[in-house]
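Peer 1: Here it is: the structure, laid out below.
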């Protein structure tokens with residue numbers, strides 16, 4: 001059985017950021033100007049991580065919090081490809097394309113809603129502009145098994161894709177009907193088998209607990225079926241119910257959502273199940289086989305977290321391409337517009353479809369370093385932070401250390417002069433433990449609808 005103390009765990013549930021960025025996206029604003037973004041792009045020298053957003057889906061999955069466009073019209077998909085290429089043409093005028101690409105990711109939407117030819121066209125075009133790809137580059141795509149075929153798989157192999165993440169959420173037919181995503185087990189199995197046939201050795205499966213009609217017993221079956229597919233990694237997310245932000249979530253009858261006590265029971269069983277079957281936990285919601293490179297990175301304190309989740313590819317500038325994509329540099333975040341008309345209008349004028357962002361202050365950079373180290377490695381090397389940022393940690397973060405006493409007294413973390421470290425229960429509450437270091441949290445303490453709950 002797992003060593004996590006769930007009685008202690010449950011009482012800390014409260015709204016909080018997921019910290020895929022710091023400052024969080026709520027701090028992105030229009031005071032960060034287009035010229036600011038261009039200056040950062042032109043002066044960048046770090047390695048590159050490229051993210052391409054393909055926003056289209058055939059229909060809505062009601063649980064989804066992503067920025068998507070629903071369509072069945074082929075011409076809309078083709079038109080978007082042309083605008084992606086135009087955006088890339090503008091982008092390469094402002095960036096040194098000889099910089100090494102160490103990560104590439106297709107996200108969505110449903111990337112494989114596109115045909116094999118269209119996927120090939122997009123990747124080929126990007127590779128024609130960014131030509132210095134690391135031989136160890138992480139090249140990945142999110143895939144909906146309902147839209148996946150052998151021709152698409154051949155395109156991925158052609159372009160060196162080595163990681164694939166399959167969206168599943170739940171295998172129970174009643175849950176699938178409620179979330180508007182009918183996906184029989186056989187479809188997912190065929191998709192995983194196809195990826196294995198073509199040599200993909202890193203397969204992730206996404207599951208979500210907390211969905212309508214889920215029960216402890218039904219999710220046990222989902223876990224067993226997922227395990228039978230022998231994935232290399234799994235992400236098991238707590239459903240973030242934010243109907244005030246996502247209209248499709250209002251379609252759920254909230255009385256069918258599992259009680260928090262059931263969710264905790266599911267989570268405890270999930271951890272025990274995967275640990276018993278040879279997987280290890282990576283952070284709040286990820287599991288991987290022990291020989292996965294994530295664990296080598298954790299041991300070295302080199303695991304990183306970004307908008308794509310946990311990765312070993314740190315220290316790169318993230319370049320976001322496409323509708324609503326987010327880019328990240330050492331001292332900025334920049335987001336493209338979410339509106340398709342505005343996206344096309346900007347590109348037609350020869351401009352990147354930038355909408356908003358944030359320039360990081362010295363204080364932001366220091367706090368980002370601390371929070372992201374916590375989120376990735378569940379510890380803070382105090383001396384390293386002091387040497388890197390020329391601060392006295394206990395003075396700079398006096399308020400945060402005071403707030404952390406609650407977690408220290410609960411036995412969730414240990415604090416010494418050299419290190420702050422979460423234990424196995426504390427690692428599950430790492431969002432809570434990171435929040436005292438967040439200078440912006442006071443703005444949201446009375447607004448319970450700013451973030452999803454941490455548990």
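Every number in this text was worked out from the coordinates using simple rules, so none of it is lab data. Just so we're clear, the structure is a prediction, and the values are computed from it rather than from any experiment. Please note: Cβ atoms are built from the backbone with ideal geometry, for glycine as well, and neighbour counts cover all protein chains shown.
Peer 1: Under the 0.36 nm per residue contour assumption, what length would be gained going from the current alpha-carbon distance of residue 85 and residue 70 to full extension?
Peer 2: Numbers: separation 15, 0.36 × 15 = 5.40 nm, distance 2.14 nm.
In short, 3.3 nm is gained.
Peer 1: Using a Förster distance of 25 Å, how high is the FRET efficiency between residue 186 and residue 220, based on the Cβ-Cβ distance and rounded to 0.05?
Peer 2: Numbers: r = 20 Å, r/R0 = 0.79.
Efficiency, from the Cβ-Cβ distance: 0.80.
Peer 1: Continuing with this model, one more query. In what order do 378, 219 fall by count of nearby beta-carbon atoms within 10 Å, going from fewest to most?
Peer 2: Details: 378 23, 219 29.
Lowest to highest Cβ neighbour count: 378, 219.
Peer 1: While we're here: Taking neighbour counts of Cβ atoms within 10 Å as a proxy for exposure, in what order, fewest first, do 267, 404, 351, 323 appear?
Peer 2: In order of increasing Cβ crowding within 10 Å: 351, 404, 267, 323.
Peer 1: Under 1.5 on a/c is rounded, so check that first for the range 1-113, then, if it is not, pick prolate when a/b is larger than b/c and oblate when it is not; a ≥ b ≥ c are the square roots of the alpha carbon gyration tensor eigenvalues.
Peer 2: Details: a/c = 2.12, a/b = 1.35, b/c = 1.57.
Oblate shape, in that a/c is at least 1.5 and b/c is the bigger or equal ratio.
Peer 1: Take the range 199-298, compute every pairwise Cα distance, and split them into 10 Å bins from 0; I just need the percent in each bin.
Peer 2: Pairs per bin, as whole percents: 14, 44, 28, 13, 1.
Peer 1: When N is the residue count of the range 362-441, what does its C-alpha Rg come to as a fraction of 2.2 N^0.38 Å?
Peer 2: Working: Rg = 11.4 Å, N = 80, 2.2 N^0.38 = 11.6 Å.
The value comes to 0.98.
Peer 1: By counting other Cβ atoms within 10 Å of each Cβ, how are 209, 440 ranked from fewest to most?
Peer 2: Values: 209 25, 440 15.
Fewest to most other Cβ atoms nearby, the residues stand as 440, 209.
Peer 1: Could you tell me the largest-minus-smallest coordinate of the C-alpha atoms of the range 295-442 on each of the three principal axes, in descending order and whole angstroms?
Peer 2: Answer, in whole Å and largest first: 57, 32, 27 Å.
Peer 1: Continuing with the same structure: Tell me, in nm to one decimal, what length is gained between residue 13 and residue 384 on full extension, where the rule is 0.36 nm per residue of separation less the Cα-Cα distance? Don't skip to the answer; put the middle values down first.
Peer 2: Values: separation 371, 0.36 × 371 = 133.56 nm, distance 3.06 nm.
130.5 nm is the gain from fully extending residue 13 to residue 384.
Peer 1: Let me ask something additional. Which percentage, to the nearest 5, of the DSSP beta bridges contained in the chain is antiparallel? Show your work: numbers first, answer last.
Peer 2: On the way: 27 of 62 bridges.
Bridges in the chain that DSSP calls antiparallel: roughly 45 percent.
Peer 1: Provide, in order from the shortest bin, the percent of all Cα-Cα pairs of the chain in each 20 Å bin, continuing until the bin that contains the maximum pair distance.
Peer 2: 24, 60, 16, 0
Peer 1: Quick one: if the Förster radius is 25 Å, what FRET efficiency do residue 34 and residue 365 give, using the C-beta to C-beta distance and rounding to 0.05?
Peer 2: Details: r = 22 Å, r/R0 = 0.89.
In this case the efficiency is close to 0.65.
Peer 1: Hey, how many Å between the Cα centroid of the range 374-441 and the Cα centroid of the range 270-314?
Peer 2: Value for the Cα centre distance between the two parts: 20 Å.
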